[in-house]
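One structure below.
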Amino acid sequence: MAGCIFCMIANGEIPSKIVYENDLVVAFDDLHPQAPVHTLVVPKAHYQDIADGVPAETMAAIFAAACEVARIKGINESGFRIISNKGADAGQTVPHFHVHVLGGRKMDEGLV
Ligand code: AMP
Ligand code: ZN
């Protein structure tokens, strides 16, 4: 979608630290990491958020890629957290569906 920052990252118009990529998704490091590992996984096609009719194949690819990111980053054994913000109350700031893969340190048991 024109003007969408994650679409521009996905098609290479904006540089990013790409961690993993396949036909459906791309994973790149978050610009403002909130953990030693903080990588975003996004579909290459534009969906506003997790509830925007994302096809099952793409949804599966997102979560498979998140696990691949964890293996690449070396946090599969120690553990990691996946978060997807949807809408204002969740604090979504970029309206292109993405999941955050967070790890590399012990996180609080509470989620919020
Ligand atoms: P959310 O608040 O869930 O919508 O997450 C958006 C995330 O995108 C934030 O963690 C930002 O730090 C991150 N972000 C914004 N712009 C960029 C960018 N150009 N490259 C990498 N991450 C970005
Ligand atoms: Zn987009």
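The values are calculated or read from the model by the stated rules, or taken from the named source; none is laboratory data. This one's a predicted model, so the numbers in the text were calculated from it and none came from an experiment. As a convention, Cβ positions derive from the backbone with ideal geometry for all residues, glycine included, and neighbour counts pool all protein chains shown. SASA here: full protein model, heavy atoms, side chains in, ligands and nucleic acids out. Shrake-Rupley method; radii C 1.70, N 1.55, O 1.52, S 1.80 Å.
Test of understanding: given the chain, find the longest segment containing no trypsin sites (Lys or Arg not before Pro) that are in a DSSP loop and have at most 13 other Cβ atoms within 10 Å.
Values: sites that count: K17, R105, K106.
Result, exposed sites excluded: 18-104.
Place a +1 charge on the Cβ of each Lys and Arg in segment 5-103 and a -1 charge on the Cβ of each Asp and Glu, then give the dipole magnitude about the Cα centre in debye, rounded to the nearest 20. Please list the in-between numbers first.
On the way: 6 positive and 11 negative charges, 42 e Å.
Around 200 debye, computed over segment 5-103.
Tell me, what % of the accessible area of the chain is carbon and sulfur with a 1.4 angstrom probe?
Answer for the chain is 54 percent, counting heavy atoms of protein chains only.
Grab the DSSP H runs of the chain that are 4 residues or longer, score each as -39,500 (n - 2.57), total them, divide by all residues and round the 222 nm result to the nearest 500 deg cm²/dmol.
Numbers: 2 runs with 24 residues, N = 112.
Helix-only estimate at 222 nm: -6500 deg cm²/dmol.
On average, how much accessible surface per residue is there in segment 1-101, in Å², for a 1.4 Å probe, leaving out ligands, DNA and RNA?
54
Taking a quarter of the surface of the Cα convex hull of the chain, what do you get in nm²?
Taking a quarter of the hull surface, the average projection is 7.0 nm².
Along the Cα→Cβ direction, 7 angstrom out, place labels at K17 and A60. What is the inter-label distance in nm?
Placing both labels 7 Å along Cα→Cβ, they lie 3.2 nm apart.
Taking C-beta distances below 4.7 angstrom as the pairing criterion, name the unpartnered cysteines of the chain, in sequence order.
When partners are defined as cysteine Cβ atoms under 4.7 Å apart, the chain leaves C67 without one.
Among D30, D49, D89, which one moves the most in a GNM of the chain with springs linking Cα atoms closer than 10 Å?
Comparing D30, D49, D89 in the GNM, the peak value goes to D89.
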